[in-house]
Amino acid sequence: MTRIAVYPGTFDPLTLGHVDIIRRALTLFDRLIVAVAHNERKQPWFSLQERMDMVRTSVDSPGLVVDTIEGLLVDYTKAQGAIAIIRGLRNGEDLAYESNMTLMNRRLAPSIDTVFLLSDPAHMFVSSSLVKEVASFGGAVDEFLSPAVAASLRDRVALRRQPTK
Ligand code: COA
């Protein structure tokens, strides 16, 4: 049986914290589907296609599939034949937030479990929004991103600095 898991997120942008979770999940499952969410609520800086490309250029593994997700996560997970949802945990705040989502997802789909992977200490304070904020004020963020993602972020910051006509 092919054991499949889904790792959903906004990934705006993908950080090395996410990459660490992806790599570790790939050792636990035969196939990992990284499911990139539209998430208009977060007003992403990068398009869905750009965010999918970030995953593809940052992780090279035969078990990796990159997709987009719309609608309910549990419906998507079931439709993919996956048995688990992967989420990264950085701290107690993440745990509180993730617990509610997990309990709701378990209520909606009892056959699907959520597997939490504790973030590497090096990435515990990293989030996509913090990285964008620091970069937008000219701070150095390369150590938190793969080289390709760091270059995309530099370009995006420059583009956003241009005055709109
Ligand atoms: N390393 C680095 N950053 C990490 C991390 C790690 N190990 N773990 C979490 N994060 C950060 C992310 O960068 C992100 O930061 P940001 O808020 O600054 O962007 C944050 O933690 C978590 O965001 P994300 O992973 O994008 O999740 P989310 O909380 O926005 O939820 C979905 C995204 C797709 C999982 C959720 O919206 C969903 O399930 N949508 C489908 C609809 C649905 O089923 N809803 C009902 C759910 S009960």
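Criterion first (touching a strand residue (DSSP E or B) at 6+ places or on another chain (Cβ under 6 Å), closer than 22 Å to residue 41 by Cα and either more than 8 Å from the ligand (Cβ to nearest atom) or open to solvent by 50 Å² or more (accessible area, probe 1.4 Å) (or both)) does residue 66 satisfy it? Can you show your working first?
On the way: touching a strand residue (DSSP E or B) at 6+ places or on another chain (Cβ under 6 Å): yes; closer than 22 Å to residue 41 by Cα: yes; either more than 8 Å from the ligand (Cβ to nearest atom) or open to solvent by 50 Å² or more (accessible area, probe 1.4 Å) (or both): yes.
Judged against the criteria, residue 66 is a match.
With (1) near the ligand (Cβ under 9 Å from one of its atoms); (2) over 14 Å from residue 18 (Cα atoms); (3) in contact with a helix residue (DSSP H, G or I) (Cβ under 7 Å, 6 or more places away or on another chain) as the list, and residue 157 as the residue in question, which single condition is left unmet?
Residue 157 satisfies all of (1) near the ligand (Cβ under 9 Å from one of its atoms); (2) over 14 Å from residue 18 (Cα atoms); (3) in contact with a helix residue (DSSP H, G or I) (Cβ under 7 Å, 6 or more places away or on another chain) except (1).
Return the residues of segment 76-123 that are open to solvent by 50 Å² or more (accessible area, probe 1.4 Å), among the hydrophobic types (A, V, I, L, M, F, W, C) and more than 8 Å from the ligand (Cβ to nearest atom); say none if nothing qualifies.
Once the filter is applied, which keeps residues that are open to solvent by 50 Å² or more (accessible area, probe 1.4 Å), among the hydrophobic types (A, V, I, L, M, F, W, C) and more than 8 Å from the ligand (Cβ to nearest atom), segment 76-123 yields 79, 83, 95, 96, 103, 116, 118, 122.
What residue, among those in segment 13-45 that are open to solvent by less than 10 Å² (accessible area, probe 1.4 Å) and part of a loop (DSSP other than H, G, I, E, B), is nearest to the ligand (Cβ to nearest atom)?
Filtering first and then ranking leaves 15.
Anything in segment 1-11 that is surrounded by fewer than 24 Cβ atoms within 10 Å (Cβ to Cβ), outside any strand (DSSP E or B) and modelled with pLDDT of 95 or more? List them, or say none.
Our first condition is that a residue be surrounded by fewer than 24 Cβ atoms within 10 Å (Cβ to Cβ); within segment 1-11, this holds for 1-4, 8-10.
Checking the rest, the ones that are also outside any strand (DSSP E or B) come to 1-3, 10.
2, 3, 10 - these are the residues of segment 1-11 that are surrounded by fewer than 24 Cβ atoms within 10 Å (Cβ to Cβ), outside any strand (DSSP E or B) and modelled with pLDDT of 95 or more.
Filter segment 1-35 down to the residues that are within 16 Å of residue 127 (Cα to Cα) and of a type in the set (Val, Ile, Thr) and list them by number.
Passing the criteria: 10, 15, 19, 21, 22.
I want to confirm something. Restricting to segment 124-141 and keeping residues that are under 17 Å from the mean Cα position of the chain (by Cα) and either of a type in the set (Asp, Glu) or near the ligand (Cβ under 7 Å from one of its atoms) (or both), which single residue is farthest from residue 157 (Cα to Cα)? Full working, then the answer.
Step one: of segment 124-141, the residues under 17 Å from the mean Cα position of the chain (by Cα) are 124-132.
Next, only the ones that are either of a type in the set (Asp, Glu) or near the ligand (Cβ under 7 Å from one of its atoms) (or both) stay: 126-130.
On the way: 126: 18, 127: 17, 128: 14, 129: 13, 130: 14 Å.
By that ranking, first place goes to 126.
The values are calculated or read from the model by the stated rules, or taken from the named source; none is laboratory data. Computed from a prediction, not measured in an experiment: that's the story for all the values here. Neighbour counts are summed over all protein chains in view; Cβ atoms, including those assigned to glycine, are modelled from backbone coordinates with ideal geometry. What goes into the accessible areas is simple: the full protein's heavy atoms, side chains included, and nothing from ligands, DNA or RNA. Shrake-Rupley method; radii C 1.70, N 1.55, O 1.52, S 1.80 Å.
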